[in-house]
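Down below is the structure, laid out as structure tokens.
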Amino acid sequence: MTEEFDVIVVGSGITGGWAAKEFCEKGFKTLVIERGRHLDHPSSEYTDMQAPWQLDNRNMAPEAYDDEGRYAMLKAKKGKLKTDTIQFFADDKEHPYSYPEDKPFMWTRGYHLGGRSITWGRQSLRWGPKDFEANAKDGHGVPWPIGYKDLEPWYNYVESFVGISANKDGIDALPDGDFLKPFEMSCVEQHVAKNMERAFKDRRLIIGRAANLTEAKTQHTEVGRSPCQARAYCQRGCTFGAYFSSLSATLPAAKKTQNLSILTDSIAYSVDYDEHKGKASGVTVIDAKTKQKRQYKARVIFLCASALGSVQILLNSKSQTFPNGIANSSGAVGHYIMDHITGTIGFGDVPGFEHKYSYGRRPIATYIPNYRHEPSEQVDFVRGYGYQATAQSRKMTGTTAKSVGIGAAVKAKANKIGQWQFKALMYGEMLPYYDNYASLHPTKKDQWGIPLLHIDAEVKENERKMIVQAAKDLKEILAVAGCENTTIREVPADRHIVVGNRTHEMGGAVMGSDPKTSVLNKWAQSHDVANLFVTDGACMSSCATQNPSLTYMAITARAADYAAKLLNQGTL
Amino acid sequence: MTPPELLNPTMSRRVFIGATAYVVSVPLFASILKTDNELIKIIDKGQFFTPEELTILTDVAEIMIPKTDTPGATDAKVAPVLDGLMVTWANDQTKQQFKTTLMQINTLARDTYQQSYTGLGCADRQQMITELDKAAFTAQTTQLSINYRRLKELIFHVFYSSEEANPDFVLIPGHYYGDLTKSQFEKVKRGETL
Ligand SMILES: Cc1cc2nc3c(=O)[nH]c(=O)nc-3n(C[C@H](O)[C@H](O)[C@H](O)COP(=O)(O)OP(=O)(O)OC[C@H]3O[C@@H](n4cnc5c(N)ncnc54)[C@H](O)[C@@H]3O)c2cc1C
């Protein structure tokens, strides 16, 4: 493999796949550096064609993992380790990171070609104008250097390639796009949505916006994708390519151009800096297997190693000019780490639909967009929250596996179709706090000699107040929905909320207009190093309440377009 | 340790056969049906369990989830699957725990009925396991309770994830419908278009 490229993209997940596609399609020789193993598409590691009885160990990961302390955070996240998807998550024993003992941080990673685009939940939501204005308005974090209008054409662009099934809901906080036909709401979801529309001026229940093809258009079939089969096994990988992943969509598109080279099992150790040219010269990688270092050169570097992955690389890229990490003259690299927070969940039975049924497994939930952008007299916090919600099928009655009861009578009642239940989980906006930060551990290193990332982040008073209000609001919503036997759970004020738990980690190299306080400009380009871009979640100056990946995609495509222009002009 | 309530000689002798009669299914392992007490005696050694242990396991699982008008634990090959899981899934502690549980069930039979578990009549075995189930969820701290509940959970997991227990499972539904009447639902399940 030649070691000089036009562009190096670090990471092959959602953003890396997009950067690769854009540059390759624009004619640039592009190298994607991926720390994990190669995966084909469809992959022999996909388990989407297996019935429950065909999954390894009946979907139970070997207990030896527990004994060896493997996948501890994944277990904390999911409750159980399962064989249907565990192969798509990184083991924190093998890939450790660090956090203060009293502030565990959850960093869920996927180290393989495609990154977390294999396992993501595919909820694809635009941010609204107010989300980009929030920092400037209330003074938290660094003001965004871009607004909704800057991204709007790029949302359109990425959405049409990804294929987003959604309804045009006409909600300002959640702008519409040119969508594929939406998934159907269940009878109970329709009922709840109608009741909410009648009862509230601001709260709406809508069908989720899914990166799953309800219909396959030419640009989808061209890369070999076909429509969704309503299995909801997406996390296992999709043989049909029905949901958007790097493996099913962007990398095949990039490959078609013959401009793509992919290097797997290669860990980006640092971005190399040429002191004479004042530019990044390439990337030093460590071979994950042999542990040998190699260098690759390019005119432009795109860091797409996920928010925290890119922060780690930036901080580890030390030079004479940048002793504290490349692109870090502001000292802001690593700061403003955010995630969405949830501290409230509620559910209840919805009577009156006992004669109604559902069929199939819809791969997306419903959604209540943030309705608390504007300050109100009732609340004493800024920003707001939305809810991921669902009543897509009737609950099953379950079994007595964990309660008293055996024999024929018990069996006759087990796993039968039960009540309709509506449930909702709050997703709140965490403020960008400078002192929520990631740094390199001073002494601890991984097996490749890379300093561990130490992540020190916590929710504060604003988020706690949101949780309390979200529980009150949810109680009203469940009442309006006509729920019975309701339960509202709220995380007590004194219990640590694990940041990272929502897997929407953002910040660490935020965009801003001022090079003294931010790392990247409005193009997600380093203020300090013109040919270095960071377009994953690290660039986000605030985190809003919407699932963020669609916005990363739009930012990546926009940045790639800009960098391509500079490359063509010979400026980079 | 046996929970005291199970050692109580006044323990109810009510026969607990469940809603339907005991119907025999044949496990994967070579076996013979002991007609005197309707016990399937496993002859083969498993990958992990001894024939004696497999005999108890098969019987206990079938008592928990008997064959009725739908398949039971034996039809769903719960014991052979569990035997395999001991090799591919369980850690040493679990392996030991499951052996101990089966041994404890045997001890319980001896303490209660002065006979080995496999020597008990069908009704007594059903009654004993039914009582054990109740006791295990009442006195949750005894070792037998802990062990039994774990075994039960796994037996249920294996059964309810089996093909036999999921006759309506559809790998590729093809479509999601959220507002079906009963007859539309039945139609879609049959693969007919609406
Ligand atoms: C279970 C789950 C559900 C989710 N649901 C949603 C959802 O519904 N909607 C949504 O918007 N988001 C969702 N997310 C989040 C979403 O997956 C991420 O936002 C998205 O994948 C981020 O894209 P990325 O390219 O920045 O990072 P990733 O997709 O994580 O890709 C990063 C890639 O970089 C590689 N890499 C890391 N470090 C290095 C290095 N040093 N050298 C070389 N390669 C490196 C990794 O191996 C990986 O392949 C979910 C995530 C999970 C896990």
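A short reminder: the numbers here are calculations on the coordinates, not readings from a lab. Keep in mind the model is a prediction, meaning the values are calculated, not measured. Here Cβ is always computed from backbone atoms with ideal geometry, including for glycine, and neighbour counts include all displayed protein chains.
Where the only charges are on Cβ atoms (+1 Lys, Arg; -1 Asp, Glu), what is the dipole of the protein assembly as shown about its Cα centre, to the nearest 20 debye? Don't jump to the answer; show the numbers that get you there.
On the way: 89 positive and 87 negative charges, 128 e Å.
Charge dipole, the protein assembly as shown, about its Cα centre: 620 debye, nearest 20.
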>> Only counting other Cβ atoms within 10 Å, I'd like B:TRP89, A:TRP107 sorted with the fewest neighbours first.
In response: B:TRP89, A:TRP107
> Mind checking the dipole of region A:331-389: about its Cα centre, +1 per Lys or Arg Cβ, -1 per Asp or Glu Cβ, Debye to the nearest 20?
Replying inline: 340
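Quick one, can you get me the convex hull of the C-alpha atoms of region A:134-275 expressed as volume per residue in Å³? Write down the numbers at each step before the final one.
Numbers: hull volume 29.7 nm³, N = 142.
Considering the Cα atoms of region A:134-275, their hull volume per residue is 209 Å³.
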>> Per residue of region A:98-113, what does 6.51 cos²θ - 1.76 cosθ + 1.60 with θ = phi - 60° give for ³J(HN,Hα)? Whole Hz please, x for Gly and Pro, Karplus curve as stated.
In response: 10, 7, x, 4, 8, 9, x, 10, 9, 10, 8, 10, x, 9, 5, 4
> Taking amide hydrogens as modeled 1.01 Å from N in the peptide plane, which residues meet the under 5 Å criterion relative to A:ARG109, leaving out close sequence neighbours?
Replying inline: A:ALA90
> So what's the gap between the Cα centers of region A:126-169 and region A:430-487, to the nearest angstrom?
Replying inline: 22
>> In Å and on Cα atoms, what radius of gyration and Dmax does the protein assembly as shown show?
In response: 28.7, 94
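By how many nm would the segment from B:LYS45 to B:ARG150 grow when fully extended, if each residue of separation counts as 0.36 nm and the alpha-carbon distance is taken off?
Details: separation 105, 0.36 × 105 = 37.80 nm, distance 2.28 nm.
Here the segment from B:LYS45 to B:ARG150 would lengthen by 35.5 nm.
If the limit is 24 Å between Cα atoms, which of B:LYS67/B:LYS134; A:LYS21/A:LYS445; A:LYS137/A:LYS522 go over it?
Going by Cα-Cα distance, A:LYS21/A:LYS445 fall outside the 24 Å limit.
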>> For a quick check: with amide H placed at 1.01 Å from N, whose amide H comes under 5 Å from A:LEU452's, ignoring anything fewer than 5 positions away on the same chain?
In response: A:HIS441, A:LYS444, A:LYS445, A:ASP446
>> Using 27 Å as the Cα-Cα cut-off, could you pick out the over-long pairs in A:LYS217/A:LYS416; A:LYS130/A:LYS472; A:LYS217/A:LYS256; A:LYS411/B:LYS41?
In response: A:LYS217/A:LYS416
>> Give me the one-decimal nm value for the distance between modelled label points at A:TYR562 and A:ASP380, 7 Å along each residue's Cα-to-Cβ direction.
In response: 4.0
>> Considering only C-alpha atoms, what is the centroid distance from region A:319-360 to region B:100-115, in Å?
In response: 52
> Along the charge dipole of chain B, which of B:THR112, B:ILE56, B:VAL170 sits closest to the positive end, that is, farthest toward it, with unit charges on the beta carbon of Lys, Arg, Asp and Glu (+1, +1, -1, -1)?
Replying inline: B:THR112
> Taking chain B as a Gaussian network, where each spring joins two C-alpha atoms under 10 Å apart, which residue of B:VAL81, B:VAL170, B:VAL60 fluctuates the most?
Replying inline: B:VAL170
>> What does DSSP give for the protein assembly as shown in terms of the percent of beta bridges that are antiparallel, rounded to the nearest 5?
In response: 70
> Which residues' amide hydrogens lie under 5 Å from the amide hydrogen of A:THR399, considering only partners 5 or more residues apart or on another chain, with H built in the peptide plane?
Replying inline: A:ASN415
> Under a plain spin-label model, where a point goes 7 Å from the Cα along Cα-to-Cβ, how far apart in nm are A:ASP102 and A:LYS168?
Replying inline: 5.4
> With a Cα-only, solvent-free Debye model of chain B, what are the log10 I(q)/I(0) values at q = 0.11, 0.14, 0.19 Å⁻¹?
Replying inline: -0.55, -0.81, -1.32
> So what J values fall out for region A:235-243 if you push phi through Karplus, 6.51 cos²θ - 1.76 cosθ + 1.60 with θ = phi - 60°, rounded to Hz, Gly and Pro as x?
Replying inline: 4, 8, x, 10, 4, 7, x, 7, 10
>> Could you work out the relative contact order of chain A? I mean the mean sequence separation of Cα pairs under 8 Å and 6+ apart, divided by the number of residues, in percent.
In response: 22
>> Show me, for region A:546-556, the HN-Hα J-couplings you get by feeding each phi into the Karplus relation (A = 6.51, B = -1.76, C = 1.60, θ = phi - 60°), rounded to Hz, glycine and proline as x.
In response: 7, 4, x, 5, 4, 5, 4, 4, 4, 5, 5
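Using only DSSP helix segments of four residues or longer, with each worth -39500 (n - 2.57), what per-residue ellipticity at 222 nm results for chain B after dividing by its residue count and rounding to 500?
Working: 7 runs with 94 residues, N = 194.
Using -39500 (n - 2.57) per qualifying helix, the result is -15500 deg cm²/dmol.
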>> Taking the 0 to 90 degree range and rounding to the nearest ten, how far is the long axis of helix A:129-138 tilted relative to the main principal axis of chain A, both from C-alpha atoms?
In response: 70
>> Name the residue from A:VAL162, A:LEU566, A:ALA457 whose Cα lies farthest towards the positive end of the charge dipole of the protein assembly as shown, charges +1 on Cβ of Lys and Arg and -1 on Cβ of Asp and Glu.
In response: A:VAL162
> Using alpha carbon centroids, what distance separates region A:500-572 and region A:93-110, in Å?
Replying inline: 24
> If the cut-off is a Cα-Cα distance under 16 Å, which lysines reach A:LYS75, setting aside same-chain residues fewer than 8 apart in sequence?
Replying inline: A:LYS93
> Which aspartates and glutamates have a Cα less than 15 Å from the Cα of A:LYS516, not counting those fewer than 8 places away in the same chain?
Replying inline: A:ASP528
> Could you give the nm distance between label points at B:LEU33 and B:ARG190, where each point is 7 Å from its Cα heading toward the beta carbon?
Replying inline: 3.5
